[in-house]
């Protein structure tokens with residue numbers, strides 16, 4: 001068992017080592033600047049994803065509306081994660097529309113969508129990104145390296161190295177999310 005655990009940790013480190021570069025840091029800084037400017041201008045950030053990515057989307061929104069490391073005013077952010085809403089839209093329309101309908105209802109020009117999909121091809125997340133673009137919103141895709149439908153719609157793409165299993169991609173995503181939140185706080189003078 002110790003060997004399995006050691007190998008798992010080593011594999012995680014290898015993926016993180018592939019991801020870390022000055023270019024990646026510059027891209028995360030650019031995205032954080034865009035997010036901070038969205039909030040400074042009175043806009044909001046909407047986030048979405050499926051499964052573990054929905055948990056990441058929720059975590060991102062709760063850290064912005066709550067607190068990360070320091071007390072500060074809450075930032076306007078919402079994750080599309082209400083089970084009653086999701087099952088209602090899934091039943092009345094389709095699973096493909098569970099995120100796009102709320103983006104259409106709540107999104108405004110100048111807002112930003114954080115769309116999370118480890119494959120980049122989750123139909124409902126892709127549809128949310130398309131809806132966001134129609135609403136005049138910017139889209140940040142948190143996905144993996146390679147061509148995918150989500151990346152094609154995004155203004156900014158933060159891509160994990162490809163991995164055999166989605167948990168390695170999600171590990172990069174949560175590191176990016178924490179880095180973005182802290183950078184947003186710094187840019188808004190709340191660090």
Whole number please: convex hull volume per residue of the Cα set in region 21-88, in Å³? 116
What do the square roots of 5 times the Cα gyration tensor eigenvalues come to for region 80-191, in whole Å, largest first, as semi-axes of the equivalent ellipsoid? 23, 19, 14
Of 25, 115, 132, the most mobile residue in a GNM of the chain (C-alpha springs, cutoff 10 Å) is 25
Taking the chain as a Gaussian network, where each spring joins two C-alpha atoms under 10 Å apart, which residue of 43, 146, 107 fluctuates the most? 146
Cα-based radius of gyration of region 67-130 once divided by 2.2 N^0.38 Å, which approximates compact folds: 1.27
Estimated D of region 2-187 in µm² per second, where Rh is the Kirkwood radius over Cα pairs and Stokes-Einstein applies at 10 °C, 1.306 mPa s: 96
Residue-span extension gain [residue 94 to residue 121] - 0.36 nm each, minus C-alpha spacing: 8.1 nm
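Throughout, read-outs are computed from the coordinates displayed, never taken from laboratory work. Predicted model only: the values in this text are computed from it and were never measured.
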